[in-house]
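Novice: Handing you a structure now.
Every read-out reported here was derived from the displayed coordinates using simple, explicitly stated rules and does not represent laboratory data. Fair warning: this is a prediction, and the values are worked out from it, not measured in the lab. Note that each Cβ is placed from the backbone with ideal geometry, even for glycine, and that neighbours are counted across all protein chains shown.
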Amino acid sequence: MAVTIHDVAREAGVSLSTVSRVFNNKGNISNETKEKVIAVAARLGYRPRSYKKQESTAKKNIGIIFSKRLSSLILDPFYGQVMAGVEDVLVPHNYKLFFQTISGKTSDDLAVIDGLIKDEKIAGLILTGYDIEREIILKIKKSNIPLVLADNELWDENIDCVVNDNLAGTRKIVNHLIELGHQKIAFCGGPLSHLSLKERYQGYKQALKEAGLRKKEEWVYFCEPTFNIEDGYEAAMNIFASASQVPTAVFAANDTIALGVMKAIKELGYSIPEELSVAGFDDIQLAEHTVPTLTTVRIFKNEMGALAGKRLHELIEGINPKPMKLVMSVDLVIRESTALCKS
């Protein structure tokens, strides 16, 4: 197993930031401490990465990694904006960004990661989305390359991350439906392996429980393995075909699922929102152009990317090295697809 900066700090009896400052030649560190850290590093065989010694004006490479199981970053309504935020922050610091996809096949992905780890020009990495194996993330952590997760977390491993407040956002939107008089609220979500979608399902259950409403299994449907418009369409069709009672509202765990739900409801002959209310989550660009426009939860995607970029820059520079979990607030956006329950 590779020796890490954590091993050096523990053996030398100093903080991670002290070790970082020693090898970056920053801050006021006593000669005694410097010599001790260098000696321990030499004994353990720890080799600081050469990118830390680059001049501040030199180009530094930042890798942004996402899975091919996600749609293209250029076309994706969520992650495309996250990456734009990363660029806004890191490019002015003279970093050079590149995108790297991984396949989702662990053996192949480990080979890709090995190549990145060995590249001395890599200053840091941002891993985007839930769909990256834990083994991949931990391998990068052990390599000492500064790492930030965006829209994912391994907080039990003390890895820096930026996530959204999915629980609070879901409670807000389900409570909105309840306040409109809806008691029969269906849920269409994605696989629970997706951390964000799992939290949104939990928020749905919490909101119902707090309101004294019972969750009915026949009103719950999970789209797997994908969760796009066609999956939302299929989910709604299945719920309305099998349910003994028709719900008066549907909460979809993201907007693309919600678009499919709306399509199905209209085909079944129901009017939105007069007979059925529909709400989503994410506030993608299409949400304000649907007919009717979609009530949803707004995620600040660009700001999320900017926070991830800022945090990575801090890690590279040895600023605030203690791991941080940054949670982004979300807002309820009420549009035309929800209305007072009439039944």
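Novice: Quick one: angle between helix 106-118 and the longest Cα principal axis of the chain, in degrees between 0 and 90, rounded to 10, please.
Specialist: For helix 106-118, the angle is close to 40 degrees.
Novice: Now for a different question. Looking at the square roots a ≥ b ≥ c of the eigenvalues of the Cα gyration tensor of region 82-170, which shape do they give, rounded for a/c under 1.5, prolate if a/b is larger than b/c, or oblate?
Specialist: Values: a/c = 1.72, a/b = 1.13, b/c = 1.52.
Oblate is the answer for region 82-170, as a/c is 1.5 or above yet b/c matches or exceeds a/b.
Novice: Turning to a different aspect of this structure: Using unit Cβ charges (K, R positive; D, E negative) and no other charged atoms, how large, in debye to the nearest 20, is the dipole of the chain about its Cα centre?
Specialist: Working: 42 positive and 43 negative charges, 240 e Å.
It works out to roughly 1160 debye.
Novice: Report, to the nearest 10°, how far helix 166-179 tilts away from the longest principal axis of the Cα atoms in the chain, using its own Cα long axis and a range of 0 to 90°.
Specialist: On a 0 to 90 degree scale, this one is about 20.
Novice: If I fit a long axis through the Cα atoms of helix 229-242 and take the longest principal axis of the Cα atoms of the chain, what angle between them do I get, 0 to 90°, rounded to 10?
Specialist: Helix 229-242 and the main axis of the chain meet at about 40 degrees.
Novice: At a threshold of 8 angstrom on Cα-Cα distance, excluding pairs fewer than six apart, so keeping six or more, what relative contact order does region 166-299 reach in percent?
Specialist: Averaging sequence separation for qualifying contacts and normalising by length gives 24 percent for region 166-299.
Novice: What does the C-alpha gyration tensor say about the overall shape of region 166-299? Classify as rounded when a/c is under 1.5, otherwise prolate if a/b is larger than b/c, or oblate. Could you put the intermediate results ahead of the total?
Specialist: Values: a/c = 1.17, a/b = 1.06, b/c = 1.11.
Cα axes put region 166-299 in the rounded bin.
Novice: Take the alpha-carbon positions of region 5-48, form their convex hull, and give its projected area averaged over all directions (one quarter of the hull surface) in nm².
Specialist: On the way: hull surface 10.2 nm².
If I average the Cα hull's projected area over directions, I get 2.5 nm².
Novice: Once you have a ≥ b ≥ c as the square roots of the Cα gyration tensor eigenvalues for region 197-242, tell me rounded if a/c is under 1.5, and otherwise prolate or oblate according to whether a/b is larger than b/c. Spell out each step's value before the answer.
Specialist: On the way: a/c = 3.28, a/b = 1.53, b/c = 2.14.
Oblate, since a/c reaches 1.5 and b/c is not below a/b.
Novice: Here is a follow-up. Considering the chain as a Gaussian network with a 10 Å cut-off on Cα pairs, which listed residue, Ser67, Ser30, Ser271, attains the greatest mean-square fluctuation?
Specialist: The residue that fluctuates most here is Ser30.
Novice: Bin width 20 Å, origin at 0, all Cα-Cα pairs of the chain: what percent of pairs per bin?
Specialist: Bins of 20 Å from zero give 29, 46, 21, 3 percent of pairs.
Novice: While we're looking at this one, here's another question. Between region 234-281 and region 292-342, how far is it from one alpha carbon centroid to the other, in angstrom?
Specialist: Rounded to whole Å, the Cα centres lie 26 Å apart.
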